[in-house]
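Here is the structure we will look at.
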Amino acid sequence: MADLNGSGPSRRTVESVVEEIARRAGAIALSHFYSLSTVPVEKKGHLDLVTEADREVERFLIENLRRAFPDDGVFGEEGGDIRGVSGRVWVIDPIDGTFNFVRGGQNWAISIGLYENRHPTFGVIYAPARDLLLTGGKAVETRLNGKPMPPLPPLDLSRASMGIGLHPTVATEDRLEVVRFISDDLRISFRCCGSATLSLIEVAMGETDGYVSLGDSTWDVMAALPILSNLGGAHTIDWDHTELAAKLRFACGSGEFVERVRPLLAKVSDSGRARDA
């Protein structure tokens, strides 16, 4: 197995392997995407869908990651949970943005993130319908379609924008507080693209200044966070006290953006804990 810490085959070898796996998985997903009328769709919950495309792509990712990195574990959205012996885990989302996928929208992506020492350290994201491939992480320069990406721009409130992700299970009062805070306290624009991974790609590309989520999962962000970290991105997730199966309430973006939305996260996180108690 290629050594991710530098002894043995180069880190570039690992990048190339994972990028190839992501692209091949994307081809599988696209074949289903171009035949949506024949793709069976199931409901995991209200507005929470899964397709055979999700399952086939996850099976492909698990098989190929295990072949490339046999000592590592794999943890996936659609039930994949394979323990390894290295202490590293590949955390995968076969199609993040399934709701967009089944409606024929382009905002969906394949996410492959590496989790080691309880933190995300490397990621590859492939959005095949938009031909976007992002790679980056610890000791790996962040690139978009093979080209280095610039740092995140400074926050300019006169033209600021942010993405939001609100899981269907999130209480209405918390949803309303997010919109109120953005509109009244920050007074900036916001958008909801229906995919955490694509929302974080928008941050990386400078299209938005940050992203706030109530209810995303670790597989939604495991690849994107190390990619963004290289660009100066910050986030509020305490990985030392977060398990892989956890639901997240967090902000990510430029350092100034994250500081400005901390009061919102404190309020909606406290209210969520109170309801769960």
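Any read-out appearing in this document is the output of simple, stated calculations on the displayed coordinates, not a laboratory observation. As the structure is a prediction and not an experimental result, all values here were calculated from the model. A quick note on method: Cβ atoms are made from the backbone with ideal geometry, for glycine too, and the neighbour counts reach across all protein chains shown.
The simple spin-label model puts a point 7 Å past each Cα toward its Cβ; for GLU243 and ALA171 those points are separated by 2.2 nm. Please label the shape of the range 157-276 as rounded, prolate or oblate, based on the square roots a ≥ b ≥ c of the eigenvalues of the alpha-carbon gyration tensor (a/c under 1.5 means rounded; beyond that, a/b larger than b/c means prolate, else oblate). Judged from the Cα gyration tensor, the range 157-276 comes out oblate (a/c at least 1.5, b/c at or above a/b).
Using the Cα centre of the range 11-148 as the reference point, and only Cβ charges (+1 on K/R, -1 on D/E), how large is the resulting charge dipole? Debye, rounded to the nearest 20.
Using only the charged Cβ atoms, the result is roughly 340 debye.
In the list [x] 73, 42, 34; [y] 51, 43, 38; [z] 52, 38, 33, the label attached to Cα extents along the principal axes in Å as derived from the coordinates here is [y]. Considering only HIS119, GLY84, LEU132, the residue lying farthest towards the positive end of the dipole of the chain is LEU132, judged by Cα position with unit charges set on Cβ. GNM on the chain, alpha-carbon springs under 10 angstrom: the most fluctuating residue among ASN107, ASN64, ASN117 is ASN117. In order along the range 152-159, the phi-based Karplus estimate (6.51 cos²θ - 1.76 cosθ + 1.60, θ = phi - 60°) of 3J(HN,Hα) comes to 4, x, x, 6, 10, 5, 6, 9 Hz; Gly and Pro are listed as x. Helical runs assigned H by DSSP (4 residues or longer) give the chain a calculated mean residue ellipticity at 222 nm of -10500 deg cm²/dmol, each run adding -39500 (n - 2.57) before division by the residue total. Overall shape: oblate for the range 225-274, with the ratio a/c of the largest to smallest alpha carbon gyration tensor axis at 1.5 or above and b/c at least equal to a/b. Positive end of the dipole of the chain (Cβ unit charges, origin at the Cα centre): among ALA160, ALA68, ALA223, the Cα lying farthest that way belongs to ALA160. Summary value for the chain: 15 percent relative contact order, contacts being C-alpha pairs under 8 angstrom separated by 6+ residues. Give the cross-link partners of LYS247 among the aspartates and glutamates, using a straight C-alpha distance below 16 Å as the criterion and excluding same-chain residues fewer than 8 apart. Answer for LYS247, where 16 Å is the Cα cut-off: ASP48, GLU77, GLU78, ASP93, ASP96, ASP174, ASP216, ASP220, ASP238, ASP270, ASP276, listed by chain and number. Amide H to amide H, with H built 1.01 Å from N, LEU231 comes under 5 Å of no residue 5 or more places away or on another chain. Which of the three applies to the range 141-221, rounded, prolate or oblate, going by the alpha-carbon gyration tensor with a ≥ b ≥ c and a/c under 1.5 meaning rounded? Judged from the Cα gyration tensor, the range 141-221 comes out oblate (a/c at least 1.5, b/c at or above a/b).
About its Cα centre, the chain has a charge dipole of approximately 260 debye under the convention of +1 per Lys or Arg Cβ and -1 per Asp or Glu Cβ, with nothing else charged.
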